[in-house]
Structures are given as structure tokens and as C-alpha cells.
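Presented below is the structure to which this report refers.
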Ligand SMILES: Nc1ncnc2c1ncn2[C@@H]1O[C@H](COP(=O)(O)OP(=O)(O)OP(=O)(O)O)[C@@H](O)[C@H]1O
Ligand SMILES: [Mg+2]
């Protein structure tokens, strides 16, 4: 029982961090209908920039994190303006190939700048483990979760209440009608790429803080993929719940099944669940179909 | 009085081959209601899209002529700049943001407005015109009835405080009672706010009822225009747009004329 609870709770915390990265996908998909396969690499680049700022420039996280946010926003916006803007109206498969190409380019750039060796972060959070009853939680995981949730909630509030958030949802709903309101739809695309990159890079810092950073950190992006599909691609709440679900599942599968199968079940579990859920609900748990009107 | 909007000899081509507007001209004077009538496929919506800068979004292109608004050329401007200049189009087919609430739809209407206090005052005004929207304020726009959606899109337009509002078939698919109510409110908006209105309609009777000037278009061109009194007394308009047969005695002669006139409309 204790192990079960321990696995659930730590899976939940990991899942919250996944949710933030999943948000990186969703924010871009919602406005532009583009699945950004370079989300993982945005994450990795964010982690490296933070690493450099704190290790080489010895900046405090209170300066480093805002700088990473600015850098990520610029990266996302530039990618949209310089590359994807010119792909408007092209077939989906070409656009997907472009984002996959982008992920390889970012990976290559990271290897050139930072090399391929593993780097560990300086401590961001208090080191003392969190103990709740019988459950012991690693401090990096616990505080990382809390930080991720704060960021997710900020994004949720922006989308719900800020004018730019409402305009982004309007754009996602009906682009031409959004134009007719005087909304600069193209700049909404740029902003959503900037937002997506910010979410991913903050997720990158949190993950880097738990397990260090190397150029292949972005491969976690592949694991996030079932989460966004599960959640319904265009739903922020879906990303959160999908993230938590996958985190828990993965941990349970890893804890109970891996010992019998020489490992590997942990990484497989999310995809098995993904397939089952999509068979039942093709739009994901929270994805929008057209609203059916009577 | 100087014209607010002037469209001169406009020619519009879709997909590089389909010529839809073939030298269309029209004017809207400040603070007036002008009707643009015509049957299906005449090019009414295309005219509005050309004015609002939407053509590039549909692979359409202005190949000749020009559009001037308050003396400035509009051709080539992006849609959001055109809205900022005070020209707002309410598109055909009640394009509410279905996934957004009524409140959020209205926020989008006021997107170009800066003063929160002014937006609140305008919102209160909308609720006076359309009290039902206040009751539906937190509801998803996708779940409103067709009539409520029409009220919502007109309110959205009001919140943008345009000098010229272009309405594309506001009567489409609504019950006659409701159409009457909507047209009354359009007239009130024009009177109370001084908003000029370019009204695209198939319902000629209703549209001419509130307009001061009308244009009739067929096949990408204006075939007849004039003050409403003039149009209402025009036999062609009576027959083809208002559905009143004339009661002239000489039937056979009339048929010949009818054929000629019909030909004029369709050529
Ligand atoms: N995006 C487009 N691409 C190609 N042809 C188009 C496009 N939009 C409209 N057309 C054509 O242009 C012509 C005029 O269309 P438009 O929508 O302007 O007519 P309308 O007068 O508004 O008709 P209705 O009363 O049915 O709304 C039609 O023949 C239509 O098929
Ligand atoms: Mg039309």
C-alpha cells in the first residue's frame, strides 16, 4: 500500500511537469493547427540557456528565469515569422516535416554550442526532501511540480481573462471572423509560438533541474505526445489531466511491471493507454468537435 | 455631402480565373443607410469582402478600380487596419465564435477599443437594444438561437464603434417577426449613433424600408441605383425584387417588354 501511494504521488508530480511541456504543444496547436515536433528541443534549449546564465554568468535564478522567458519568446516568435509564416496554406505533411527538421537543427546547434556531455544544474530549490506521512518526495520533483503548476495556472488565466487570450481563442475558433473583429491574426500566430516556446523552456528548466541537461533532453517531447493527443490537442485542461494521468500510469507501470520485464514497460504504458482512449474517444478526452446545434 | 465610402469600377478575380465583379461602383454618404440588393451569386458578399480586405484570404484579388474611405485608399490594407479605420463588416451567416461565451464574443467586438469605461457604456447600450444578450451573457455563443446569434453579431459590431457598418444579409434564415425587429434596431443604431450602414440583402422590401438609397446589382455590376422612392416606383424593381406583378392591360406587349427587361437584368 505504501509503495502504491508513493508511486501515485510521485507520478502525479512528474505528470504535472509533463503537463507544462504538453502546454507548449497545445498553445501552438490551438491557434495555428500546427503540431510542433520541435517542442522537446525548445525545452532543451531553454534548459541550456538557463544553465549557461547560472553557471557561466553566475546569475541568480530570479534574473536567469526571466531572461530564459524572453529568449524563448524570441525563439518561438522568430521561428514563426521566419519559417512557418511562409508555410501558411501548405499541406500539413510539409509543415510537420518542417518542424521535425527544426528539431534536428536545434539539436545540432545545441551540440555545437554546449557539446554532447551531460551537465548538472546548480541547486534551484532547497534540498531537503518533503515527507508527508510515509511518502518521501524528492525536493526537486516537489518544487518543480509546484512551479510547473503555477506556470500552467498563469497561462490558464491569461487565456481565460486577458484580452490577448480571448483574441487567441477567437482566432482558433474562426480565423476569418477574427480578422473581421480587427484582430491581427498573424500576430496571434506569432504570440502563440512565443507562448508555446515559453511553456516548453520553463518545463526544460524544471526537468533539467531534476535530471541534468544534455542535447537529447528533448526526446522527452516524444513522451509528451501521447499526453496532448490524450488531452485533445487543443485543450489546456486536457493537457493538464493528460499529463497527470500519464505521469501516474508511467510510474505505476514502472514500479510494478518493470521488475518482471527487464524494464521498458514504463515507457510503453502511455502509448498503450493512448491507443485505448483514442479507440473510445477519437477527439481525445477534452478535444473539441464541432459544437452540434439542434 | 462628401462620400464616406467610394467604390470605383471595381474588378475582382478569384483564383486568377473567375471574374466576379466587373466594374462595380457605389457610394455611401456619411450617416446614411444604403441598400445593396441582388440575387444569389450577384457578387454582393464579394463586394463587402473587397472593401474589408478579406479577398486575399480567399485567393481573391482586386484587378482594377479602387476603394476610398474618408478620402484614403483602402486597397491593399490588411483587414485589421481597415477595422481600425472605422469600417466594420458583419459577415454573412452569423459568424459568432461558437466556443466563446457571449461576453467573450463582445470583448472581441471591442478589440480595437481602448477605453474600458467607454466599452462598458457601449455594452449597456447593446443590452438596451438586445436585452436577451444580458441574460445569455455567460453562455457559449454556439448554443444561442439563430436570432440571438444575429443580435450578438450586430452588438459585436456596435462595440467596435464603426463609422460604417456593413451588414451581409442580416435577415437570412430568421422568422419574419424577428427580421422586422432586427431591421428596426439597425435603423435605431443609424439614428442614435450616426453610424452609416451598407446593407446587403435579398429581402428588398425590408432593406428598402429603412434605406435612403439603393443599388441593385446583377452579375458583378450595378444595373440600377437611385433614391429609395425612385426604386420603389420602378416597375422592374417592383416586379423582380418586390414580387409585385404589374396590372397593365396589354398582356402581349407586356410580355415582350418583360423579356427585354429580364434580359437586361441577366446580361
Ligand atoms: N472564394 C471564392 N472563390 C471562387 N469563387 C467565388 C468565391 N467566393 C464567391 N465566388 C463566386 O463569386 C460569385 C459571387 O459570390 P458572392 O458570394 O459575392 O455572391 P452574393 O451576391 O453574396 O450571393 P448570395 O446572395 O448567395 O450570398 C458566385 O458565383 C460565387 O460562386
Ligand atoms: Mg452573399
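A simple spin-label model places pseudo-atoms 7 Å from Cα toward Cβ; at residue B:188 and residue A:279 they are separated by 5.8 nm. Put a dot 7 Å past the Cα of residue A:105, heading toward its Cβ, do the same for residue A:118, and the two dots end up 3.1 nm apart. Could you compute the FRET efficiency for residue A:67 and residue B:59, with r as their C-beta to C-beta distance and R0 at 30 Å, rounded to 0.05? E(calc), rounded to 0.05, equals 0.10. Relative to the longest principal axis of the Cα atoms of chain B, the long axis of helix B:251-266 lies at roughly 50 degrees. Here the range B:3-233 carries DSSP beta bridges of which approximately 60% are antiparallel, counting only pairs with both residues inside. With neighbours defined as other Cβ atoms within 10 Å of a residue's Cβ, the residues A:267, B:229 order from fewest to most as B:229, A:267.
Relative contact order of chain B, taken over Cα pairs closer than 8 Å and 6 or more residues apart, is 25 percent.
Residues B:166, A:188, A:43, arranged from fewest to most other Cβ atoms within 10 angstrom of their Cβ, appear as A:188, B:166, A:43. Running a GNM on chain B with Cα contacts under 10 Å, which residue among B:114, B:134, B:84 ends up with the highest mean-square fluctuation? Of the options given, B:114 has the highest mean-square fluctuation. Of all DSSP bridge pairs formed entirely within the protein assembly as shown, close to 60 percent run antiparallel. Between residue A:3 and residue A:52, the modelled label-to-label distance comes to 4.5 nm, taking each label 7 Å out from Cα in the direction of the beta carbon.
Here, each number is a calculation from the coordinates, and none is a lab measurement. On a predicted model such as this, the values are computed, not experimentally measured, just so you know. A quick note on method: Cβ atoms are made from the backbone with ideal geometry, for glycine too, and the neighbour counts reach across all protein chains shown.
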